[in-house]
Amino acid sequence: MLVRWFWKRYVRSRLPALMIGFLLMALEGGALGALSYLVRPLFDNVFIAGNRQAVLVVALIVFAVFIARAIAGFTQRMLMALVARKVSADIQCDLVAHMLTLDSRFYQENSPGILMERVLGDPGAAAGVISTTFSAFGRDLVALVSLLGVALYIDWLWTLIAIAGAPLLVLPILLLQRLVRNMSRATLNASARVTNRLSELFHGINTVKLNTIEEHESRRFANAVSRLVDYTLRAAAANAGIPALMDVIAAIGFLGVLTYGGYQIIDGSKTVGEFMSFFTAISLVFEPLRRLGAIAGAWQAALVSLERIYDIFQMRPAITSPARPAQLGIPIGQADIRLENVSFSYGSQPVIENASFTAPAGRTTALVGASGAGKSTVFGLLTRLIDPDDGRILLGDTDIRNLDLRTLRGLFSVVTQDAQMFDETIRDNILLGSEADEAALARALDAAHVTDFLSSQPEGLDSRAGPRGSALSGGQRQRVAIARALLRDTPILLLDEATSALDARSEAIVQSALERLSEGRTTLVIAHRLSTVRNADKIVVMDQGRVVDEGTHDTLIAREGIYRNLYRLQFSPKREERENGAAPGANRAD
């Protein structure tokens, strides 16, 4: 089934090119039979008989056979390389496209390094077997048949003696094939762990340096590489065992033929030319036979990669659009966001428990609470990156699970503490593939204060942001993310700790841009700094996944509760005076 799926989906459409390659391989393989047969007249008619007229004829024929073999071999190898590369590229593109449809849980269970190995390594291994297989059946099988035909034509008994030991290969080769498959699977897994270690190292290089653990991480990486080398050598040994066994059988066959045939030549019942032609044919037989044996190991390795590719394609997202999406019953600008008895768990770990609150349309609602209270999970639920285990989330009077998924996510703009940037230009990081006229882009750049720092960039808006935005400061990345949200111009805005990692000056600039961005939109804000949410129209207090209180800043301060305690922790008299820029000891009013 696996091979049939691979053939139908990726190989069959390239059958014309494969058939041309197959014919060229047959020509290349058949040339070996022709060359081995030409040895007989070369010895009997030229060398021994001394026929001068036959010298040039035989030489020209041999020359023509070699030229034909060279042209056929070169052309088919280029053709097979092209087909294999195209198939590999198709699988890679399809894999990435499919992975992007899978839910967030898939990416929690599979690290980036492992997924990179699946995309970069497995398709190449799977596609590589195409050229190996067609070479086996086009070139090597034809070569084997033509050479054995020549050998049988000269002397069938010699041929039987030469291949008498072949049946002894069956069981050892079967055992080696199983070992190759197991070792190939282990090698791929070990390679994925090496890739994952590299990904983690390079993404966390600052952590490595700040904690001075370079030697520790080097040892961990060396251990991962050592395991990979171990499995690779075992797989190589299993692969090498098949042709080695064939050489042993060849040695037995040649021993018998040389002994029996030698006596026949001495007795005069066989000519030197017959023996040399037979010897050449049988000598050449074992090379395609060796390659045919090796293809078994190559197929086992390819099947492991195909299994891994196929397994991913069989995965389906749990979060999808309904078959018949609903439409919002009221204009989006008037639609409140309501959570009704929502619960969610990661495995057996509850994160949100029976949470209910309303975020009024066109207003700002803040979510506050200690780390781990479930605030960021609420954002994942709103955008359907995850779905609740119980309860429902309404946009107006419509359950968001009844809306088209792309339409729903098109209603949100998200600005987070760690704004994701790509190694593209600043312009590309703002547009994200969308089309916008220069006037709209300029307005977004001004409103987000991106224009303020563009003059310091080497190529202005077309300067590269660097890997993960490393060419920009934290404040600059946040402003790019805000410009992205402004240009997206969605009715709902989600702000997740958008200023928490910034210094005072950058925070003031970004906060100003966020206030512009929030105007006229339904805004939900997650913030640990309560100073940034004092003016929110509504504050929802969360604790251990539950909604424990809600109200305005003044209302929540007026009564004892978690919010007031958080406020006291953050704003002792001296600290609040520093936050407000007041002189120590000055009168304050909440």
### Query
If we scan region 503-519, do we find a residue that is closer than 25 Å to Val351 by Cα and small (Gly, Ala, Ser)?
no
### Task
Looking only at region 337-360, decide whether some residue is modelled with pLDDT of 90 or more, assigned to a loop (DSSP other than H, G, I, E, B) and out of contact with any Asp or Glu (no Cβ under 8 Å at 6 or more places or on another chain).
no
### Task
Confirm whether Ala89 is modelled with pLDDT of 85 or more and either more than 27 Å from Ser135 (Cβ to Cβ) or in contact with a His (Cβ under 6 Å, 6 or more places away or on another chain) (or both).
no
### Query
Any idea which of Ala298, Ala302 is surrounded by 18 or more Cβ atoms within 10 Å (Cβ to Cβ), within 31 Å of the chain's Cα centre (by Cα) and closer than 21 Å to Leu144 by Cβ?
Ala298
### Message
Any residue at all in region 135-145 that's in contact with a Lys or Arg (Cβ under 8 Å, 6 or more places away or on another chain), among the acidic types (Asp, Glu) and modelled with pLDDT of 70 or more?
### Response
yes
### Message
Given the criteria surrounded by 21 or more Cβ atoms within 10 Å (Cβ to Cβ) and at pLDDT 85 or above, does Ile430 qualify?
### Response
yes
### Task
Mind listing just one residue for me: the one in region 347-377 that is charged (D, E, K, R) and either within 14 Å of Asp537 (Cα to Cα) or in contact with a Lys or Arg (Cβ under 8 Å, 6 or more places away or on another chain) (or both) and, of those, surrounded by the fewest Cβ atoms within 10 Å (Cβ to Cβ)?
Arg363
### Summary
Going through (1) under 38 Å from the mean Cα position of the chain (by Cα); (2) free of Cβ contacts under 8 Å to residues at least 40 places away in the same chain one by one, Ala504 fails only at (1)
### Task
Could you list all residues from region 139-156 that are in contact (Cβ under 8 Å) with a residue 24 or more places away in the chain and farther than 28 Å from Gln76 by Cβ?
Ile154, Asp155
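Yes/no per residue for (1) at pLDDT 70 or above; (2) assigned to a helix (DSSP H, G or I); (3) in contact with an Asp or Glu (Cβ under 8 Å, 6 or more places away or on another chain); (4) closer than 30 Å to Phe286 by Cα:
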site	(1), (2), (3), (4)
Leu188	yes, yes, yes, no
Leu198	yes, yes, no, no
Glu217	yes, yes, no, no
Ala224	yes, yes, no, no
Ala238	yes, yes, no, yes
### Query
Listed residues Ser348, Ser305; which is in contact (Cβ under 8 Å) with a residue 12 or more places away in the chain and hydroxyl-bearing (Ser, Thr, Tyr)?
Ser305
## Note on the structure
All conditions in (1) under 24 Å from Arg443 (Cα atoms); (2) free of Cβ contacts under 8 Å to residues at least 12 places away in the same chain are true of Arg464 except (2)
### Task
Working carefully through the options Arg392, Arg308, find the one that is modelled with pLDDT of 90 or more and either surrounded by fewer than 17 Cβ atoms within 10 Å (Cβ to Cβ) or under 30 Å from Val119 (Cα atoms) (or both).
Arg392
### Query
Among the candidates Leu517, Leu566, Leu502, which residue alone is among the hydrophobic types (A, V, I, L, M, F, W, C) and either modelled with pLDDT of 80 or more or surrounded by fewer than 14 Cβ atoms within 10 Å (Cβ to Cβ) (or both)?
Leu566
### Task
Report yes if Val480 is β-branched (Val, Ile, Thr), crowded, with 20+ Cβ neighbours inside 10 Å and more than 30 Å from Gly391 (Cβ to Cβ), otherwise no.
yes
#### Entry: Failed criterion for Ala59 (all others in (1) more than 18 Å from Tyr310 (Cα to Cα); (2) surrounded by 15 or more Cβ atoms within 10 Å (Cβ to Cβ) hold)
(2)
### Summary
If you go through Thr398, Thr425, Thr407, the only one that is among the hydroxyl-bearing types (Ser, Thr, Tyr) and either touching a Phe, Trp or Tyr at 6+ places or on another chain (Cβ under 9 Å) or loosely packed, with under 15 Cβ neighbours inside 10 Å (or both) is Thr407
### Summary
In region 39-83, residues that are in contact with a Gly (Cβ under 6 Å, 6 or more places away or on another chain) and modelled with pLDDT of 75 or more total 3
### Query
Counting residues that are acidic (Asp, Glu) and closer than 22 Å to Ala281 by Cα, which helices (runs of 4 or more DSSP H) fully inside region 1-99 reach at least 2?
none
### Task
Would you please list the contacts, defined by Cβ atoms under 8 Å and residues six or more apart or on different chains, that run from a residue in region 214-228 that is over 10 Å from Arg197 (Cα atoms) to a residue that is polar (S, T, N, Q)?
Leu228/Thr187; Leu228/Ser191
#### Entry: Subset of region 102-133 that is hydroxyl-bearing (Ser, Thr, Tyr) and closer than 24 Å to Leu198 by Cβ - its residue that is farthest from the chain's Cα centre (by Cα)
Ser104
### Summary
Residues in region 520-548 that are of a type in the set (Gly, Ala, Ser) and crowded, with 18+ Cβ neighbours inside 10 Å total 3
### Query
Do the conditions hold for Ser36, that is, is it touching a helix residue (DSSP H, G or I) at 6+ places or on another chain (Cβ under 6 Å) and either surrounded by 17 or more Cβ atoms within 10 Å (Cβ to Cβ) or modelled with pLDDT of 80 or more (or both)?
yes
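The values are calculated or read from the model by the stated rules, or taken from the named source; none is laboratory data. Predicted model only: the values in this text are computed from it and were never measured. Here the Cβ is made from the backbone with ideal geometry for all residues, glycine too, and neighbour counts use every protein chain on show.
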